[in-house]
There are 2 protein chains.
Amino acid sequence: MNFTIENALIAIEEGYTTVDVQVVEGKIAAIAPNLDVVGTAVDGRNQLLLPGFFNAHTHSSEMWQRGIMSVLPLELWLAELYDFAPLDPEQVYLSALGTAVETLLSGGTSVVDHLVLIPGQELETIATAVKAYREVGIRAFVAPLIQDESITAGIPSGESAQTHEPYFRSTTATLELIEEAVRQFHRPDEGVNILVAPTGIQLCTDALFTGCIALSDRYNLCRHSHLLETRAQEKLAQEKYGCTAVEHLKRIGYLGDRTSLAHCVWLSDADIAILAETQSTVVHNPLSNLRLGSGIAPILKYRQTGVNVTFGCDGASSNDSQDLLEAIKIGSILHNVTDLDYQHWITPRQSVEMASLGGAKGLNLADQLGSLTVGKKADLVLYDLTSLSLLPRTDPVGLLVLGRPTNVVNRAWVNGKQIVADGKVTTINVDELRQELFNRSQWDTQRKSQTVAQIEAHYRTVMGL
Amino acid sequence: MNFTIENALIAIEEGYTTVDVQVVEGKIAAIAPNLDVVGTAVDGRNQLLLPGFFNAHTHSSEMWQRGIMSVLPLELWLAELYDFAPLDPEQVYLSALGTAVETLLSGGTSVVDHLVLIPGQELETIATAVKAYREVGIRAFVAPLIQDESITAGIPSGESAQTHEPYFRSTTATLELIEEAVRQFHRPDEGVNILVAPTGIQLCTDALFTGCIALSDRYNLCRHSHLLETRAQEKLAQEKYGCTAVEHLKRIGYLGDRTSLAHCVWLSDADIAILAETQSTVVHNPLSNLRLGSGIAPILKYRQTGVNVTFGCDGASSNDSQDLLEAIKIGSILHNVTDLDYQHWITPRQSVEMASLGGAKGLNLADQLGSLTVGKKADLVLYDLTSLSLLPRTDPVGLLVLGRPTNVVNRAWVNGKQIVADGKVTTINVDELRQELFNRSQWDTQRKSQTVAQIEAHYRTVMGL
């Protein structure tokens, strides 16, 4: 489906200009004023055209627990999360749809889903998420979340000697599972990608990391993990390796220009230099880091050191939304309190570049995605500048990033295929989705996590509380 | 207009319950299951009923510059703001309407507008804002922003000897102006209140504060000011008084149970104890404090010390929105990174109480507003729990506070009068408002502030940059 967007506003070096954009066979074919109409004409008047953003870290099935998770730090929160994790693939399907819809309607055309797998139904979980993303038409980076140590191993031992249950599935079996998922579902040309995604140093052995590196090399897969989200993980890395987690990951060869690392809150300056040197990408999840009290990631330092940074919503139980514009806003302004010199602060235009080109870089796709460039794939979003939330007319990018845009995504395309029109997702029935989410849930506040009750005392001791 | 809301969900000690609510002559007459219908029946099914929130600090006319203000700290930002401030009462009218609409559609039924006055048209500015708020029907607390020192006096002198232009209007003339505004517009029974509102210690003499105290006592007016928003103001207070700003304000008798103070970022523990002892209220503006790099207000300490805290959006040029739910969310989760002990973190239910009863307390109206209590005024909001952003069904208050609710305010009443129905403001034509805002503005990014150019070097020196 070829088309030509007419008279859209785009950001240029010095302000804005009005242009037409031709899209042919899924790619941007021309950007200039007064172009001939190729294919369908699309009215771009009073609309801002931007490259689609990346929701570069989320866990879709957390949508089932948003709003209800206790006010807890990551380690305890995770215990509660897993006590009530959805175990039905139909739930995975619906929450992947919901994640895709909320991401799209806040400017995201790509989603990196660090997907929690239902034990015993791992391939079915992956198949289900892939199906949902294909139906919506969002560009999907499905990163099956794997580990080979059990959850209590993620808390530092401190002075005490802790023993942990072995994880229920062997490292080898886990790696075979991922390889099978790659064979069945990894179709980059169709907008579906599988990533190797060991959850992080807190719950993974070196054998798992090394196996993932091998798969990544063999199949040209991106790598995705959590990294140093909490103080507890910083302590744990020292206990486990006698060095920082970043030093260890560098040593075993996990870092690189197709490795994206969610959170990165507790890194030393030397660690930051390693990320820059290895061209690894930081995925900043500001809302989750606040909600879980993880800390403020040193994003200004990353930028000054030349580390690529992009944004993620993180799972909807630690956010508790999938509004990418909210993550971009807070992930931009939050850092102004960490550096007195305002010349280092992130500008709205820089935020847009981080959310688009930064996301593409993190997935090793900067040559194909992330900017309005002739020859790149047409993952595009048109924002309605006549929305009350983007008025009065001032600086459109400033309004979009620093304001609270509501109902502003008018149209969106992925790979040149339109999937949002007149502010609505056109590929699935969102009213039916709402009805399904409603029917399969109930208002509830009385639940209690058994696991939190078991581990809380140890956590408080180790963390000096 | 009497009415009965049927089958609405309300929060109770242990979870939620479904009730009917009778409203008679603007007040809550009964709350119980299965009540007789008095007046009009309102369907409350699948909706959460909460008391209206307070947008307890804003500057409505800043809406004209949202999205375009440079990335600067308060003192320089303020210079830019005033270089481009709107000077036409029609603009004041439209931005007050816009502020009211965005506040209402994010759960606020009261707004405290620290209103910037057009020089030479001060009473007209106040009259215009009052007119706008009366038209929308939101409960209005108009706090004309006054000062009697010129803007450069707000930056500490440091080592240098600074002289400042005298302010263009005398202290006496300013106080007479406020007294006249009180005579003309202060009508608490009609939902319009005038406050005395010296901007803060940075630009006001003791004569102005003292005059405001006298007016407050004579006419029973609430008091509203900025307080210690920035490090620069902390320095300035020491230069000006040789003690902290809070100690000084206590000494001159400005603090009390009808005094609300916006920001309160840079207070010592002794200052915090003074706020508690005087029963003053802190208005927390988290988004503005991040955007301007002012800092993170010690909100958990305030709560532990017994200081009343509520939320404000602050003006839309430092936010850059008037979405109260966004301010409540960020103002709640932001503090989790300031205290390792999660037992001190703010829960969603506490946030709701801060936004409602906390706001009422700060305006000395806790006996009349801020909770679902028989006998209190019916400032009420019904949230649609079938909105995608509040699904799946988990904990409604958790979803509302921690999520990113979009299009969720279904109905709202102020003083028992319905002003939002089916998600739309019914009292004014919002499409016409959008059209006016559009017509009276243009996309622009090329402006430069003369005043910032003049004062920036001094600011950088004093702040050690």
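Quick rundown of the values:
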| quantity | calculated |
| --- | --- |
| Candidate set: the range A:66-75, residues that are crowded, with 23+ Cβ neighbours inside 10 Å and hydrophobic (A, V, I, L, M, F, W, C); chosen: the one nearest to the other protein chains (Cβ to nearest Cβ) | A:I68 |
| Residue tally, condition more than 9 Å from chain A (Cβ to nearest Cβ), surrounded by fewer than 22 Cβ atoms within 10 Å (Cβ to Cβ) and aliphatic (A, V, I, L, M), over the range B:300-351 | 1 |
| Flag if A:L340 is in a helix (DSSP H, G or I) and not hydroxyl-bearing (S, T, Y) | no |
| Criterion violated by A:V409 - all others in (1) within 14 Å of chain B (Cβ to nearest Cβ); (2) without any contact (Cβ under 8 Å) to a residue 60 or more places away in the chain satisfied | (2) |
| A:L369 being touching a Lys or Arg at 6+ places or on another chain (Cβ under 6 Å) and not assigned by TED's automatic domain parsing to the domain that holds A:V309 | yes |
| Residue match in the range B:341-353 (condition: within 18 Å of the chain's Cα centre (by Cα) and in contact (Cβ under 8 Å) with a residue 60 or more places away in the chain) | yes |
| Residue satisfying condition, being closer than 24 Å to B:E75 by Cβ, out of contact with any strand residue (DSSP E or B) (no Cβ under 9 Å at 6 or more places or on another chain) and aromatic (F, W, Y), within set B:Y241, B:Y254 | B:Y241 |
| Residue that is within 14 Å of A:G108 (Cα to Cα), at pLDDT 95 or above, under 12 Å from the mean Cα position of the chain (by Cα) and not hydroxyl-bearing (S, T, Y), where the choices are A:G370, A:G312 | A:G312 |
| Single match in A:S268, A:S294 (criterion: within 14 Å of chain B (Cβ to nearest Cβ) and modelled with pLDDT of 95 or more) | A:S294 |
| Those residues of the range B:319-330 which are over 13 Å from the mean Cα position of the chain (by Cα) and under 21 Å from B:L72 (Cα atoms), in sequence order | B:D320, B:I330 |
| Single residue of the range A:364-406 satisfying the filter (in contact (Cβ under 8 Å) with a residue 60 or more places away in the chain and among the basic types (K, R)) that is farthest from B:K424 (Cα to Cα) | A:K376 |
| Within the range B:194-244, tally of residues that are free of Cβ contacts under 8 Å to residues at least 24 places away in the same chain and surrounded by 19 or more Cβ atoms within 10 Å (Cβ to Cβ) | 0 |
| Output for the range A:444-453, where each listed residue is out of contact with any helix residue (DSSP H, G or I) (no Cβ under 6 Å at 6 or more places or on another chain) and either surrounded by 16 or more Cβ atoms within 10 Å (Cβ to Cβ) or facing another protein chain (nearest Cβ under 7 Å) (or both) | A:D444, A:T445, A:Q446 |
| Qualifying residue in the range B:195-210 (condition: in the same structural domain as B:V265 (by TED's automatic domain parsing), among the small types (G, A, S) and assigned to a loop (DSSP other than H, G, I, E, B)) | yes |
| Test: residue in the range B:166-176 that is buried (at least 20 other Cβ atoms within 10 Å of the Cβ) and either closer than 20 Å to A:G403 by Cβ or within 17 Å of the chain's Cα centre (by Cα) (or both) | no |
| Output for the range B:340-387, where each listed residue is touching a helix residue (DSSP H, G or I) at 6+ places or on another chain (Cβ under 7 Å) and of a type in the set (G, A, S) | B:S351, B:A355, B:A366, B:G370, B:S371 |
| Some residue of the range A:324-340 being modelled with pLDDT of 95 or more, of a type in the set (K, R) and within 22 Å of A:A273 (Cα to Cα) | no |
| Test: A:R169 is in the same structural domain as A:P119 (by TED's automatic domain parsing), among the basic types (K, R) and more than 21 Å from A:Y82 (Cβ to Cβ) | no |
| Matching residues, the range B:1-48, being loosely packed, with under 14 Cβ neighbours inside 10 Å, assigned to a loop (DSSP other than H, G, I, E, B) and within 14 Å of another protein chain (Cβ to nearest Cβ) | B:E13, B:E14, B:R45 |
| Set B:L145, B:L87: member being within 21 Å of B:Q450 (Cα to Cα), out of contact with any helix residue (DSSP H, G or I) (no Cβ under 7 Å at 6 or more places or on another chain) and among the hydrophobic types (A, V, I, L, M, F, W, C) | B:L87 |
| Residues that are more than 17 Å from A:E102 (Cβ to Cβ), of a type in the set (K, R) and within 26 Å of the chain's Cα centre (by Cα), drawn from the range A:412-465 | A:K417, A:R440 |
| Any chance B:G107 is at positive phi and surrounded by fewer than 21 Cβ atoms within 10 Å (Cβ to Cβ) | no |
| Filtered residues of the range A:254-296 (kept if in a helix (DSSP H, G or I) and under 22 Å from A:D320 (Cβ atoms)) | A:P286, A:L287, A:S288, A:N289, A:L290, A:R291 |
| Cross-chain or 6+ apart pairs with Cβ under 8 Å, the range A:67-78 first and assigned to a helix (DSSP H, G or I), then surrounded by fewer than 23 Cβ atoms within 10 Å (Cβ to Cβ) and of a type in the set (V, I, T) | A:E75/A:I455; A:L76/A:V452; A:L76/A:I455; A:L78/A:I151 |
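For every residue, the table says whether it meets (1) away from chain B (no Cβ under 13 Å); (2) over 21 Å from A:S371 (Cα atoms).
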residue	(1), (2)
A:L97	no, yes
A:T103	no, no
A:S106	no, no
A:S110	yes, no
A:D113	yes, yes
A:I118	yes, yes
A:A129	yes, yes
A:E135	yes, yes
A:I138	yes, no
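The values are calculated or read from the model by the stated rules, or taken from the named source; none is laboratory data. Everything numeric in this text was worked out from a predicted model, so none of it was measured. Positions of Cβ are generated from backbone atoms using ideal geometry, with glycine treated the same way; all protein chains shown enter the neighbour counts.
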